[in-house]
Amino acid sequence: MRLLPSVRQPADIRRFTVAELTGLAAEIRRLLVEEVSRTGGHLGPSLGVVELTLGLHRVFDSPTDRILWDTGHQAYVHKILTGRWPEFGRMRQRGGLSGYPSQAESPHDIIENSHASTALSYAYGMSKADEVRGVTGRRVVVVVGDGSLTGGMAWEALNCIAGEGRRVVIVLNDNGRSYSPTVGGLARHLAGAEPNTFFESLGLSYIGPVDGHDVVAVQSALVQASAVDGPVVVHTLTRKGYGYDRAENDDVDRFHAVRPMDPVTGAPLSSSGRSWTSVFGDELVRIAEKRGDVVAITAAMQDPTGLSAFARRFPDRAVDVGIAEQNAVTAAAGMAMAGLRPVVAIYSTFLNRAFDQVLLDVALHSCPVVFVLDRAGVTGDDGPSHNGMWDMSLLNIVPGMRIAAPRDAATLRAALRTAVHTAEGPCAIRFPKGPVGEDLPAAFSYAGLDVLRPDPSDDVLLLPVGVMAGMCMDVADRLHAQGIGVTVVDPCWIRPVNPLLRAMAPRFRVVATVEDNLKIGGFGSVLAQDLREAGVTTPVTSFGIPQRFPAHGKRAEVLAECGLTAEVIAARLAGLIADPAGWLAVEASGPVG
C-alpha cells in the first residue's frame, strides 16, 4: 500500500510506525528519482535529507515552528511532506512548483532562499522578533549544510545567536560537500574526534553526531534539542545522493543538480551541445599554459563554473574559498596586488553578494581582476533568485570597470584573452546558461564594433548585448520585409561605451538596444546617457527585463513574458518608425561604413 496519498500535511506522518516511516522514505526516494529525472533539478541534496526531513516534521509543528532551509535546494522532501507531492511532476515548470521554497506555494515555506549562508541570520531575526513581541512556545529551526558554514555571514549570525542565547535549533546537515567536497578548517574540525568542543567553545550546546539516515536517531536528537533552553547544534551525518547508487557513486557532485535523464543509466535524455561554460574553461587553460601568473578562483563551484580542467592542469593555481564570494573577490584583489592575474569564475547572481568588495577592494585599487559571470541574463527554471539580471546594472556604476558580453564562442575566447591582458583595472565577461550554438560572424568590424548586418537604409541602429544578437538578426529580417532598414551592430565591449556610437547614432532615425539585463541601469540606459551628454538627439529605445522578479520557467518563456522576442520587438520598432511625429528630428546621412 502506498503511504504518500495519506500525507496531506506534516501532522499526518506523526501517526506512522517506524516500519511505515522506513517504507515512506523509500517511496519518497522513488518519487524523487522518477520525477527529478524527468524535470531536472537538485536530486543529490534531496536524496540525502529524506530521514532528516521526516524527523523534523515529526518533532516540530510547522509552520508554527519555523523550519528554515539553507540552502533551499534541500527542501524537496519538505515540499512533499507539506502536501505538495501530487504536484511534484511539474517541479521547475512554468506554473508548477518552484525548485526552492516559495511563500506563494505554502505557509510552510518561510523564506525563499537559494543563496547559501543566510538562514541563520533569518533565524536570529525571527527569534529576536518573537522576544520583542512577547511570542512564546515556538521554535526557529535552521537546516544548514556544512558547505554553507564556509560563508562568513553564517558566522556573523552564529556570533549573535550564541552571544544572546537565542532558542534556535541548528540542524547541521554534514555531508562533507557543497557542490564539491567542503574546504577549509571547518571541514577538518567536523571530521575530527571532538566537534562538540568546537561548537561548545562558541557557546552552543551540541548533540551528535547522529546518523542522519536513521529516522529514529534523528527524531530522538531533535526531541532532545527542542528541550534545550538556548541555542543548540544537532550534528547529523548524511550522504548526498543516499539511496540511489548512481548519485552516491558520482565523484563530481553526487548528482547535485541534474538535467532530464534516464533514471536507470543516469545519462542525459538529450545532448544540448557545447556549453558556454566549457568554452570558457578550455580557453582559460590555453591562456594559463602561456601565462604562469594566471590563477582561477571559485566559491565552492569549481565544476559548475568550468574550472575543473584548469584545476587538474594547474592544481597549485586553482583556488576554492568555499561558499564565500566576498572572500573570493577580496582575495583576488590581494593576488592582483601581489603580481598575479586572478580570474574569478562565479555565477552572475552570486556576484551580488560581493558587490562592496568589487567596488571598494578591487576597483578602488584598480586591480586587474577578471570576473567571469556564468549564467548571466535569464536562467529560467531555477527561479527568480538565480536569474543573472542585475550584473550590468551593478557593474555599470563601478569606476574603471570594463564589461564584455560575447555573442558566441569566438567572441567569448577573444574577450577572455583581452581581459586577461588588460592591466588597467578590472574586467567582467558575462554569458548565459546553456549551449553556445554556432558562431555568428560579423560582416565587418571597425574600431571595436562588429557590424553583423549592414543596411543601406538608415532607419534603425539595433545594438544587441551578447547572446541577444541572434534574435536581433531575426528582428532585422522582419523589419526589412516591411521596408524598414535595420543595421545590427554588436558593441562587444559594452562598457566603456564605444565612442564611435556617438558618431553613428545621428545617421539613424532611432537607436534600439536589446539586453537580458534589467532595463534600469543596463546598457541601454548607459548608452542613452552617453549620447545625451554628447549632444546626440537621436531617440534611444531600450528592450530589457522589467524591474520585477520573473517567475520560474524555461528561458524562452521568461524572455517572452518580458517582451524579449523578435516578434514583439519588431512590432514595437515598426510602430515607432510609422509615427515619425513622435521622434525628434535627426540628421539624414549615408549608410554605415
*Take the alpha carbon gyration tensor of the stretch 273-394, find the square roots of its eigenvalues, order them as a ≥ b ≥ c, and report rounded if a/c is under 1.5; if not, report prolate when a/b exceeds b/c, else oblate.*
oblate
*Any chance you could give the angle, 0 to 90 degrees and rounded to 10, that helix 18-39 forms with the longest Cα principal axis of the chain?*
10
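Could you tell me what percent of the accessible area of the chain is made up of carbon and sulfur, with a 1.4 Å probe and every protein chain present?
Numbers: 12100 of 22670 Å².
Taking all protein chains in place, the chain shows 53 percent carbon and sulfur surface.
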*For the stretch 314-450, radius of gyration divided by Kirkwood radius, i.e. Rg to Rh on alpha-carbons*: 0.97
*Centre separation in Å (Cα based) which lies between the stretch 27-95 and the stretch 310-361*: 33
_Helix 119-133 axis, angle to the chain major axis (alpha carbon atoms, nearest 10°)_ = 70
*Under 1.5 on a/c is rounded, so check that first for the stretch 1-108, then, if it is not, pick prolate when a/b is larger than b/c and oblate when it is not; a ≥ b ≥ c are the square roots of the alpha carbon gyration tensor eigenvalues.*
oblate
*Can you list the residues, at least 5 places off or on another chain, whose amide H is less than 5 Å from the amide H of V295, using H built in the peptide plane?*
R341, V343
*Largest-first ordering by accessible area, 1.4 Å probe, given options C367, C492*: C492, C367
*Per DSSP H run of n ≥ 4, the term is -39500 (n - 2.57); total these for the chain, divide by its residue number, and report the mean residue ellipticity at 222 nm rounded to 500 deg cm²/dmol.*
-9500 deg cm²/dmol
*Rounded accessible area per residue of the chain, 1.4 Å, Å²*: 38
*asked:* Let me understand the stretch 79-155 better: what is its radius of gyration from the alpha carbons, and its Dmax, in angstrom?
replied: 14.8, 42
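Size of the dipole of the stretch 1-141 about the Cα centre, Lys and Arg at +1 and Asp and Glu at -1 on the beta carbon, nothing else charged, in debye to 20? List each step's numbers first, then the result.
Details: 18 positive and 15 negative charges, 40 e Å.
That gives the stretch 1-141 a dipole magnitude of about 200 debye.
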*Taking amide H positions as placed in the peptide plane 1.01 Å from N, state which residues far from R495 in sequence (5 or more) or on other chains have amide H under 5 Å from it.*
I403
*Sequence-distant residues sharing a close amide H with V210 (under 5 Å, placed H)*: H235, T236, L237
*asked:* Helix 152-164 against the longest principal axis of the chain: what's the angle in degrees, Cα atoms only, rounded to the nearest 10?
replied: 40
*Sort all Cα-Cα distances of the chain into consecutive 20 angstrom bins from zero, then give the percent of pairs in each bin up to the one containing the longest distance.*
20, 48, 27, 5, 0
*Would you check the accessible area of H480, probe 1.4 Å, heavy atoms only, in square angstrom rounded to 10?*
110
_For the stretch 267-320, diffusion coefficient by Stokes-Einstein and Kirkwood Rh (Cα), 20 °C, 1.002 mPa s, µm²/s_ = 182
*Hey, how much of the P(r) for the stretch 487-584 falls beyond 17 Å, as a percent of Cα pairs?*
55
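The values are calculated or read from the model by the stated rules, or taken from the named source; none is laboratory data. Source: prediction; values computed, not measured. A quick note on method: Cβ atoms are made from the backbone with ideal geometry, for glycine too, and the neighbour counts reach across all protein chains shown. Just so you know, the surface numbers come from the protein's heavy atoms only, side chains and all, with ligands and any DNA or RNA stripped out. Shrake-Rupley method; radii C 1.70, N 1.55, O 1.52, S 1.80 Å.
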